[in-house]
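The values are calculated or read from the model by the stated rules, or taken from the named source; none is laboratory data. Only a predicted model underlies this, so the values are computations on that prediction, with no experimental measurement involved. As a convention, Cβ positions derive from the backbone with ideal geometry for all residues, glycine included, and neighbour counts pool all protein chains shown.
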Amino acid sequence: MVDIAFLKSILTSLQIDATELNAVKLTGDASNRVYYRVSSAHPSPSFILMVLADPELFKASEEAMTGPPPPVDELPFINIQRHLRNANVAVPEILHYSKEKGWMLLEDLGDVTLEQAIADSPAELLPLYRKAIDTLIRIQRFATPRGTTPTLAHYRAFDQSLFIWEFDHFIEYGIEKREGISLPDKRKKEIRGFFSDIALRLSMLPPVFVHRDYHSRNLMVQSSRLRVIDFQDALMGPCQYDLASLLRDAYVDLSPDVIDELISYYLAAWEAQTGQKIAPDGFREIFDLISIQRRLKAAGRFVYIDQVKKNPRFLSYVPKTLLKVKQTLETNSRLRPLQKLLAEDVKEFR
């Protein structure tokens, strides 16, 4: 339950009408955060209250991280929100933070995600995705440090060990816990060999600022404007990572032709804005490798959320996510042996 009296005191301090205050719990995501929409009886803007049971947990990423703790003693959400805002990326405004309660009062961006917007208006799919790519390029160009004070994200990176950890997370939850088996050591070693090669290659790419969860449910649509949320786990990594997250989303099925068109749009927009030309074939190869890595991690994560957090909401996405990985593996002759290995224990790869 929300402490309405405390909430009223916050709004009053911000000179916001708190008469007949109402707080409605919203459908949560896969995190430990709980959200409420806060409104009053009088015509005035509503707000979003983000709550975490233990305020100190705000300081910890809910995604795996490697390396020493960053020398920045600030909440990741606040630290990275300020940085993105300074880069003119449209993020929600933070109206108040209570360390005592672990409460953050945010601007209400509404309920229309990119996923919902294109479901309601399919003709807007390409225009909205182009805007999402324009926003992504802004993040990559202006949020990557160039003599500015580093943020938490700039002390964290998708290094080889983190990529391998995520692959191992898939083996543990996407295969063993999901199927109720223990992989033979020889087969697990063979699978991890493929995963290690991919992880090494991805970790050697030039790093840019990576949102880490840049997809259709973390982009809010207000009229024709896109707003970015859920950025607190940002780190440094390959430029293809967020683009693969966007175009090979677990929640929206884009056709191969649309994906090809939007990759071309990204490459043309990047060249137009930076003067730097990117070779399409090499870019696409890395895009596909990241798609495989990210989707396998997502499938394992969905099972983990069910079995550990007791939240089954994402289980229905596991089969189609794995089928999409299979489709990508089938286009890469060097990775077809990996598909055959995975097919021994996971039906979606057969």
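Key figures for this structure:
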quantity	calculated
Tally of residues being of a type outside the set (A, V, I, L, M, F, W, C) and part of a loop (DSSP other than H, G, I, E, B) across region 262-282	3
Residue identified as of a type outside the set (A, V, I, L, M) and in a loop (DSSP other than H, G, I, E, B) among K340, K309	K309
Cross-chain or 6+ apart pairs with Cβ under 8 Å, region 121-133 first and without any contact (Cβ under 8 Å) to a residue 40 or more places away in the chain and surrounded by 15 or more Cβ atoms within 10 Å (Cβ to Cβ), then of a type outside the set (D, E, K, R) and outside any helix (DSSP H, G or I)	none
N332 surrounded by 15 or more Cβ atoms within 10 Å (Cβ to Cβ), at pLDDT below 95 and outside the structural domain of V34 (by TED's automatic domain parsing)	no
Residue under evaluation E285, criteria (1) buried (at least 20 other Cβ atoms within 10 Å of the Cβ); (2) charged (D, E, K, R); (3) in a helix (DSSP H, G or I), criterion not met	(1)
Answer residue from region 150-170, given it is surrounded by fewer than 22 Cβ atoms within 10 Å (Cβ to Cβ) and in a loop (DSSP other than H, G, I, E, B) and is farthest from the chain's Cα centre (by Cα) among those	P150
Residue ID - nearest to T144 (Cα to Cα), chosen from residues in region 175-209 that are of a type in the set (A, V, I, L, M) and not in a loop (DSSP other than H, G, I, E, B)	V208
Residue that is nearest to Q81 (Cα to Cα), among those in region 107-121 that are aliphatic (A, V, I, L, M) and not in a helix (DSSP H, G or I)	L109
Failed criterion for Y304 (all others in (1) without any contact (Cβ under 8 Å) to a residue 60 or more places away in the chain; (2) over 22 Å from K189 (Cβ atoms) hold)	(1)
Members of region 240-293 found to be in contact with a helix residue (DSSP H, G or I) (Cβ under 8 Å, 6 or more places away or on another chain), polar (S, T, N, Q) and within 21 Å of R217 (Cβ to Cβ), listed by number	Q240, S245, S291, Q293
Condition check for I292: assigned to a helix (DSSP H, G or I) and either of a type in the set (V, I, T) or on the phi > 0 side of the Ramachandran plot (or both)	yes
Hits in region 1-16 - residues which are farther than 16 Å from E100 by Cβ, at pLDDT 80 or above and outside any helix (DSSP H, G or I)	L14, Q15, I16
Condition broken by N32, with the remaining ones in (1) at pLDDT below 95; (2) surrounded by 15 or more Cβ atoms within 10 Å (Cβ to Cβ); (3) among the polar types (S, T, N, Q); (4) more than 24 Å from R313 (Cβ to Cβ) satisfied	(4)
Out of R212, R227, R301, sole residue that is of a type in the set (K, R), assigned to a helix (DSSP H, G or I) and assigned by TED's automatic domain parsing to the domain that holds T144	R301
Yes/no for R313 being out of contact with any strand residue (DSSP E or B) (no Cβ under 8 Å at 6 or more places or on another chain) and closer than 16 Å to I175 by Cα	no
Pairs, first basic (K, R) in region 252-276, second in a helix (DSSP H, G or I), C-beta under 8 Å, six or more apart	none
Residue satisfying all of: in region 171-203; within 22 Å of the chain's Cα centre (by Cα) and among the aromatic types (F, W, Y); nearest to Q307 (Cα to Cα) among these	Y173
Contacts under 8 angstrom Cβ, first residue in region 3-20 being over 19 Å from V34 (Cα atoms) and in the same structural domain as P45 (by TED's automatic domain parsing), partner part of a helix (DSSP H, G or I) and aliphatic (A, V, I, L, M), 6 or more apart	D17/L11; A18/L7; A18/L11
Tally, over region 216-230, of residues that are within 11 Å of the chain's Cα centre (by Cα) and either at pLDDT below 95 or not hydrophobic (A, V, I, L, M, F, W, C) (or both)	4
